[in-house]
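Student: Can you read through this structure? Questions will come right after.
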Amino acid sequence: MRHLWSFLAGLVVAPVTWVLVTLGQDGSAGTVDRWVEIGTSNTANLIEPAVYLAVGGIVLGLLGTLRISPLGPLVAGLLLITPYVGLFVTPFRVRARIPDDWEFLGDPLPLRLPVENGTLFLIGVLLLMATFSGQRWRRWPAPVAAPAPAEAAPTQEPTLTDWPPVSSAERDAAPLSLGYPDPDPTPTEPLPRRTGGASPWSAPPGNLPRRDDAVN
């Protein structure tokens, strides 16, 4: 679809450019010649032809520089260089086919002027050169949508009753103690029972020999 619109734009831009350039060149040349004839100048007389040339330049710039289908600049360039190329083949026949007695808003419209001085040929070649850009034949890359930022989970303020979770290393740690050694699980032998009426200081416990027996 973009090639069709570009083709139609080229068909319109070519004759519009021809008319605008003709009005601008004829107005500028006639104004300067008048200044030379009367020996004085008034720059306000150049405003109208300058506007025609400026509008023509804007139209050509949009067609030749915008990244649209290059079919439009190609068609417009071929149409603009054709009259000048025809001068190489049958110059008098081509010149006779170009009307030179038209008017535009009361101003003369000598369409032969930009053909004879080569302005149309120059503009046509510039438009043809714009079609050799490989980037113009490609579509604009589709804009990539930026990923939506992930919403952060709402953080909760810790309260006085919230305790941090106990890690596995803390669960495996030994319980706190008061520093006393662990009790020996080995059972100890009971002490010998003393006989009735005997003093615990009269004889050593167990089968230890008595002192008087050791002397004997």
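The values are calculated or read from the model by the stated rules, or taken from the named source; none is laboratory data. Since we're looking at a predicted model, the values are computed, not measured. Cβ sites come from the backbone with ideal geometry, for glycine too, and all protein chains shown count toward neighbours. Accessible surface areas use protein heavy atoms only, side chains included; no ligands, DNA or RNA. Shrake-Rupley method; radii C 1.70, N 1.55, O 1.52, S 1.80 Å.
Student: Where the second residue is of a type in the set (S, T, N, Q) and part of a helix (DSSP H, G or I) and the first is farther than 24 Å from Leu80 by Cα and lies in the stretch 39-68, which pairs have Cβ atoms under 7 Å and are six or more apart or on separate chains?
Tutor: Asn45/Thr31; Leu46/Ser28; Leu46/Thr31
To keep it simple, each residue is scored yes or no on (1) touching a helix residue (DSSP H, G or I) at 6+ places or on another chain (Cβ under 6 Å); (2) over 23 Å from Asp100 (Cβ atoms); (3) open to solvent by less than 60 Å² (accessible area, probe 1.4 Å).
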residue	(1), (2), (3)
Trp5	no, yes, no
Ala9	yes, yes, yes
Leu23	yes, no, yes
Val36	no, yes, no
Thr65	no, yes, no
Val75	yes, yes, yes
Thr82	no, no, no
